[in-house]
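The values are calculated or read from the model by the stated rules, or taken from the named source; none is laboratory data. Because the structure is a prediction, the values reported are computed rather than measured. Methodologically, a virtual Cβ is constructed for each residue, glycine included, from the backbone with ideal geometry; neighbour enumeration extends over all protein chains shown. Ligands, DNA and RNA are stripped out before the accessible areas are found, and what is left, the full protein with its side chains, is counted by its heavy atoms. Shrake-Rupley method; radii C 1.70, N 1.55, O 1.52, S 1.80 Å.
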Amino acid sequence: MLQGKCAVITGSTSGIGLGMALVLARQGANIVLNGFGDHEGPRTEVLAADQANGIRVGYHGADMSKPAEIEAMMAYADQEFGGCDILVNNAGIQHVAPVESFPVERWDAIIAINLSSAFHTTRLALPGMKRKGWGRIINVASVHGLVASAQKSAYVAAKHGLVGFTKSVALEIATSGVTANAICPGWVLTPLVQKQVDARALADGVDGEEAKRRLLAEKQPSLQFTTPEQLGELAAFLCSNAASNVQGQAWSLDGGWTAQ
Ligand code: NAD
C-alpha cells in the first residue's frame with residue numbers, strides 16, 4: 001500500500017494516466033493530476049476511487065512542453081504534498097505522417113512532451129527521492145520504444161529515447177532506494193488511439209469496429225486492447241516492495257506485439 005506517498009502523474013486527465021491515477025489512489029497514494037481539458041471530472045473520479053485512506057488529490061495544469069511550467073508543477077508537489085515519491089511520466093502526443101512531410105512544429109512538440117519533459121520532472125524529483133531513500137520513476141514509453149512503425153518517426157524517436165533515458169537514470173540511482181523503469185503498452189483504446197481508428201476507418205471505408213479489428217490484427221496478436229486499468233496495476237506493482245530490485249527495465253504489456 002502507498003499511504004502517505006505522493007504520485008505525480010503527467011497527462012492524467014485522460015486515458016492511461018487517468019487509469020494509473022485511479023489504481024494508485026486505490027492503493028492509498030495522494031495524487032497530483034496534470035493535463036489539459038476538464039480536470040474537475042477526473043479529480044472527482046480519482047477521489048472516489050479511494051474508499052479507505054482519505055487521500056488528497058491535487059491538480060497542476062503545467063504544459064509538459066514548457067520547462068518553467070514543469071518546474072512550477074514539481075514545486076507545487078513539494079509545497080502541497082511534501083514532495084513527489086512516485087513520478088509517472090505519461091503525457092504524450094502522436095502525429096502520423098511520412099518523414100519528408102512531417103511538420104517541423106509537430107516533431108519539436110513530440111520530442112518536448114514525450115521525451116524532454118521526463119528529463120525535467122526526473123531531475124527535479126530525484127533529489128527529494130534520494131533524501132527519503134525511496135522513490136519510483138515510471139516512464140510510460142510504448143512498444144514504439146522497442147520497435148518502429150512507419151510514419152511515426154518523431155514518436156518512435158522520442159519513445160526509444162525515453163527507454164534509453166530510463167536505463168541511464170536507473171544506473172545512476174541503483175543504490176539509492178529509487179527505481180526507474182519504463183512501461184511499454186501496445187494498442188490501448190484512448191483518445192490518442194481513437195484518432196488513429198477514425199483515420200483508418202476513413203482510409204479503408206469501413207466502420208469504427210472494423211477499423212479497430214484491422215489495427216489490432218496488424219500488430220497485436222492477442223487481438224485485445226491493453227486497458228488503462230491493466231497499466232495502472234503494472235505501475236502499482238512497480239511501486240511495491242516486490243519490485244524494489246526491478247531497475248532500468250522496459251516492461252511490455254502489448255498482447256505479443258514485440259514477441260513477433
Ligand atoms: P490521451 O490522449 O488519452 O492522454 C494524453 C494525456 O496527456 C491527456 O491528459 C492530455 O491532456 C495530456 N497532455 C497532452 N499534451 C500535454 C502537454 N503538453 N502537457 C501536459 N499534458 C499533456 O493518450 P493516452 O493514450 O492515454 O497516452 C498516454 C501515454 O501513453 C502517452 O505517452 C502515449 O504515448 C502512451 N502510449 C499510448 C498508447 C495507446 O495505445 N493509447 C500505447 C503506448 C503508449
Other-chain or far-sequence residues with amide H under 5 Å of TYR59's (modelled H): LEU33
Computed over the chain, Cα set: Rg, Dmax in Å: 17.7, 57
Extension gain (nm, one decimal) between ALA150 and LYS167, 0.36 nm per residue minus Cα-Cα: 3.6 nm
The chain: relative contact order as a whole-number percent, Cα under 8 Å and 6+ apart: 20
Where MET64, MET1 fall by accessible area, highest first, once all protein chains stay in place (1.4 Å): MET1, MET64
Accessible area in the full protein assembly, largest first, 1.4 Å probe, for ARG213, ARG106: ARG213, ARG106
Isotropic mean projected area of the C-alpha convex hull, the range 57-173 (nm²): 7.6
In order through the range 83-98: 3J(HN,Hα) via Karplus (6.51 cos²θ - 1.76 cosθ + 1.60), integer Hz, x for Gly, Pro: x, 9, 8, 10, 10, 10, 8, 10, 4, x, 10, 9, 8, 10, 6, x
Length gained when the stretch LYS132-ARG213 is fully extended (0.36 nm per residue, less Cα-Cα span): 24.5 nm
Gain upon complete extension [ALA109, SER244; 0.36 nm per residue less C-alpha separation]: 45.3 nm
Summed side-chain charge close to ARG123 - residues other than ARG123 whose Cβ falls under 13 Å, Lys, Arg +1, Asp, Glu -1: -1
Net +/- balance of residues flanking VAL178 in space, Cβ distance below 12 Å, scoring K and R +1, D and E -1: +2
Separation of alpha-carbon centers, the range 215-250 and the range 144-206, rounded to whole Å: 12
Computed label-point distance, nm, for sites LEU223 and ALA203 using a 7 Å Cα→Cβ extension: 2.2
Inter-label distance, nm, simple model (7 Å from Cα along the C-beta direction), GLU80/THR175: 3.7
Approximate spin-label separation GLN51-ALA97, in nm, with each point projected 7 Å along Cα-to-Cβ: 4.9
